[in-house]
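> Structure below; questions to follow.
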Amino acid sequence: MRLVNRHPSRRAAIVLAALPFAALALAYVVGSEIRLAANPQDKLLPAPGTIWETAVRLFTVPDPRSGELLVWQDTWASLRRLAIGVGLAAAISLVLGMAIGLLPYLRRTFAGFVAVISMVPPLALLPVLFIVFGLGEVSKIVLITIGIAPFLTRDLSQRVLAIPREQMVKAQTLGASSLVIALRVALPQTLPHLIGGVRLSLGAAWLFLIAAEAVASDVGLGYRIFLVRRYLAMDIILTYVIWITVLAFAIDWTLRWVSRRAFPWMGASL
Amino acid sequence: MGVAPRLPVDGGVVVSFVRVRGLWQSYGGRPILERIDLDVAKGEFVSIVGASGCGKSTFLRLLLAEEMPSRGTIRIEDGPVAREPGRERGVVFQRYSVFPHLTVRANVVAAESFATRRGWLSRAGRQAARDRADALLERIGLAHVADAYPATLSGGMQQRLAIGQALTARPRILLLDEPFGALDPGTRLSMHDFVSELRAETGMTIFMVTHDLAEGFKLGDRVLVFDKPRWDPHEPEAFGATITYDFDARHGGIPYQIKEDDHAAIHA
């Protein structure tokens with residue numbers, strides 16, 4: 001039988017899915033054992049037990065100086081920046097993407113502009129943003145927004161353009177104005193793709209968030225990682241990295257769930 | 001060349017509901033349709049047949065006012081020339097004719113709500129529109145799937161919904177673009193009955209593009225054949241298509257008029 005036609009059973013599929021995770025964990029444990037055997041003071045690859053103890057301490061024991069649980073403060077600050085930045089990008093690109101997709105005049109005006117703007121590396125603009133917006137929250141949020149809005153705008157305008165011509169004509173024969181076509185035909189069919197686009201761009205959004213926090217901040221997940229890097233506190237860094245991964249996964253899963261619940265007509269295509 | 005178009009006559013008075021005069025269409029200098037004159041009486045069912053690429057779909061798009069002709073006019077009851085699709089002209093395409101994000105009932109209600117300012121009916125109007133939609137769905141045999149989404153419906157059911165939706169907007173002419181082209185033969189036959197019944201009930205003026213000659217003669221009062229009357233073997237794109245035959249399909253399809261006498265000799 002050809003390899004392209006061979007499929008694993010259900011149980012085998014679960015084992016196969018778990019395999020890379022197990023391999024990664026095993027590689028880490030082995031590497032950590034080797035280094036700690038050579039030097040018990042080694043900080044580069046702390047033992048899994050050490051990481052677990054650090055994680056429990058970070059999440060439950062308040063910081064002795066401020067009396068606060070720093071990890072929750074960092075999480076809250078970072079998620080807030082992420083939510084506002086991504087939310088702004090989603091709102092801007094939904095309006096702009098629909099306008100570009102629906103209106104030939106705006107398409108001629110903005111399609112090329114957005115294509116060029118999306119080529120600007122957002123991180124290269126970070127110093128400009130710090131100079132213009134200061135070192136506070138605004139510059140971090142704006143970095144996330146301008147980092148992902150061009151991609152989302154292009155994606156959404158393409159999605160609107162991909163709505164079959166037949167539907168657009170049909171709506172007109174039912175008497176729909178441009179506004180009604182936008183609100184009742186294009187918008188509902190674009191929203192699921194907006195959520196899909198946001199899911200795809202969340203990775204980039206996290207990147208911009210952590211980069212901005214690493215450069216100038218006093219609270220946040222990225223700030224903390226780059227702060228404790230000076231002390232080579234790998235146990236804290238790894239705890240934060242795992243925590244960020246868990247958060248990102250949870251957000252992605254939630255968005256997918258919302259998408260499935262809110263757009264049942266999309267069927268299995270989400 | 002060219003015989004004066006047949007005018008539907010009623011008691012000595014020319015009755016033309018849809019009037020096409022001197023219609024030409026070309027894309028980038030390449031003629032697609034040329035010299036089309038046509039008069040269609042109210043309530044007539046006109047089938048449009050022809051080989052692929054003969055411009056019959058272009059003609060339907062012109063009737064729909066989805067595109068503008070290079071020359072000539074199309075008027076309904078001597079009204080203004082339409083510049084974009086509107087409620088006067090209902091349409092059912094082969095595919096994508098219903099809105100996938102609306103339930104079956106909402107698709108019918110859309111025929112009323114889309115014409116409002118923002119696309120939504122008032123609270124009072126909504127219930128009445130829903131009741132009317134349910135009555136229509138009962139009539140076209142889709143009441144049991146009123147709350148389902150179109151993707152879960154069979155092809156025949158989707159087309160029945162599309163026709164019901166188009167008729168709900170009360171257009172003056174109904175355009176069908178290969179409406180049964182994607183259906184299996186059995187479903188197609190039952191759709192023929194469905195369309196014939198609805199037509200008897202509403203007296204709608206209908207244009208149907210089809211590549212199925214038998215279907216065209218079965219459903220239509222007239223069958224228009226689109227073809228290229230002039231043919232240059234060295235330059236096949238040099239000339240556009242026009243109506244080469246106009247058959248009366250009510251009496252077993254005996255042609256009462258041939259528009260282009262020289263057609264057969266040139267087109268080898």
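The values are calculated or read from the model by the stated rules, or taken from the named source; none is laboratory data. None of the values given here were measured: they were computed from a predicted structure. Positions of Cβ are backbone-derived with ideal geometry, glycine not excepted, and every protein chain shown enters the neighbour counts. What goes into the accessible areas is simple: the full protein's heavy atoms, side chains included, and nothing from ligands, DNA or RNA. Shrake-Rupley method; radii C 1.70, N 1.55, O 1.52, S 1.80 Å.
> Residues that are modelled with pLDDT of 75 or more and either touching a helix residue (DSSP H, G or I) at 6+ places or on another chain (Cβ under 7 Å) or under 12 Å from residue B:45 (Cα atoms) (or both): does the stretch B:230-237 have at least one?
For the stretch B:230-237, residues modelled with pLDDT of 75 or more and either touching a helix residue (DSSP H, G or I) at 6+ places or on another chain (Cβ under 7 Å) or under 12 Å from residue B:45 (Cα atoms) (or both): present.
> Hey, another quick one. If I filter the stretch B:134-156 for residues that are closer than 24 Å to residue B:56 by Cβ and more than 8 Å from chain A (Cβ to nearest Cβ), do I get at least one hit?
Yes, because at least one residue in the stretch B:134-156 is closer than 24 Å to residue B:56 by Cβ and more than 8 Å from chain A (Cβ to nearest Cβ).
> Go through (1) within 8 Å of chain A (Cβ to nearest Cβ); (2) farther than 14 Å from residue B:163 by Cα for residue B:93 and report which single condition fails.
(2)
> Is it fair to say residue A:138 is out of contact with any helix residue (DSSP H, G or I) (no Cβ under 6 Å at 6 or more places or on another chain), open to solvent by 20 Å² or more (accessible area, probe 1.4 Å) and hydrophobic (A, V, I, L, M, F, W, C)?
Values: out of contact with any helix residue (DSSP H, G or I) (no Cβ under 6 Å at 6 or more places or on another chain): yes; open to solvent by 20 Å² or more (accessible area, probe 1.4 Å): yes; hydrophobic (A, V, I, L, M, F, W, C): yes.
The answer is yes for residue A:138.
> A further question on this structure: Taking the stretch B:74-88, which residues are open to solvent by 80 Å² or more (accessible area, probe 1.4 Å) and of a type in the set (Asp, Glu)?
B:77, B:78, B:84
> When the residues of the stretch A:168-179 are filtered to those that are crowded, with 20+ Cβ neighbours inside 10 Å and either in a helix (DSSP H, G or I) or outside the structural domain of residue A:106 (by TED's automatic domain parsing) (or both), which remaining residue is farthest from the chain's Cα centre (by Cα)?
Of everything passing the filter in the stretch A:168-179, A:173 is farthest from the chain's Cα centre (by Cα).
> Give the residue, chosen from A:153, A:109, that is surrounded by fewer than 19 Cβ atoms within 10 Å (Cβ to Cβ), farther than 30 Å from residue A:241 by Cβ and of a type in the set (S, T, N, Q). Spell out how you get there, then give the answer.
Numbers: A:153 fails: surrounded by fewer than 19 Cβ atoms within 10 Å (Cβ to Cβ).
Selected residue: A:109, the only one of A:153, A:109 that is surrounded by fewer than 19 Cβ atoms within 10 Å (Cβ to Cβ), farther than 30 Å from residue A:241 by Cβ and of a type in the set (S, T, N, Q).
> Restricting to the stretch B:157-207, and then to whatever is free of Cβ contacts under 8 Å to residues at least 12 places away in the same chain and hydrophobic (A, V, I, L, M, F, W, C), can you tell me which residue is farthest from the other protein chains (Cβ to nearest Cβ)?
For the stretch B:157-207, the residue satisfying everything is B:189.
> Checking the conditions here, which among B:250, B:170 is modelled with pLDDT of 80 or more and among the basic types (Lys, Arg)?
When all the criteria are applied, what remains is B:170.
> Still on this structure, please answer the following. For the stretch A:180-270, which helices (runs of 4 or more DSSP H) that fit wholly inside it have 1 or more residues that are under 30 Å from residue A:163 (Cα atoms) and open to solvent by less than 30 Å² (accessible area, probe 1.4 Å)?
Values: elements: A:187-215, A:221-228, A:234-262.
The qualifying helices (runs of 4 or more DSSP H) are A:187-215, A:234-262.
> Can you tell me which residue among A:148, A:100, A:92 is touching a helix residue (DSSP H, G or I) at 6+ places or on another chain (Cβ under 7 Å), of a type outside the set (Asp, Glu), within 29 Å of residue A:242 (Cβ to Cβ) and surrounded by 15 or more Cβ atoms within 10 Å (Cβ to Cβ)? I'd like the intermediate steps shown before the answer.
Values: A:100 fails: within 29 Å of residue A:242 (Cβ to Cβ); A:92 fails: within 29 Å of residue A:242 (Cβ to Cβ).
A:148 is the lone residue from the list that is touching a helix residue (DSSP H, G or I) at 6+ places or on another chain (Cβ under 7 Å), of a type outside the set (Asp, Glu), within 29 Å of residue A:242 (Cβ to Cβ) and surrounded by 15 or more Cβ atoms within 10 Å (Cβ to Cβ).
> So is residue A:24 open to solvent by 60 Å² or more (accessible area, probe 1.4 Å) and over 23 Å from residue A:238 (Cβ atoms) or not?
no
> Next question, about the same structure. Being charged (D, E, K, R) and at the interface with chain A (Cβ under 10 Å from one of its Cβ atoms) narrows it down to one of B:77, B:112, so name that one. Show your work before the answer.
Numbers: B:77 fails: at the interface with chain A (Cβ under 10 Å from one of its Cβ atoms).
After applying the criteria, what remains is B:112.
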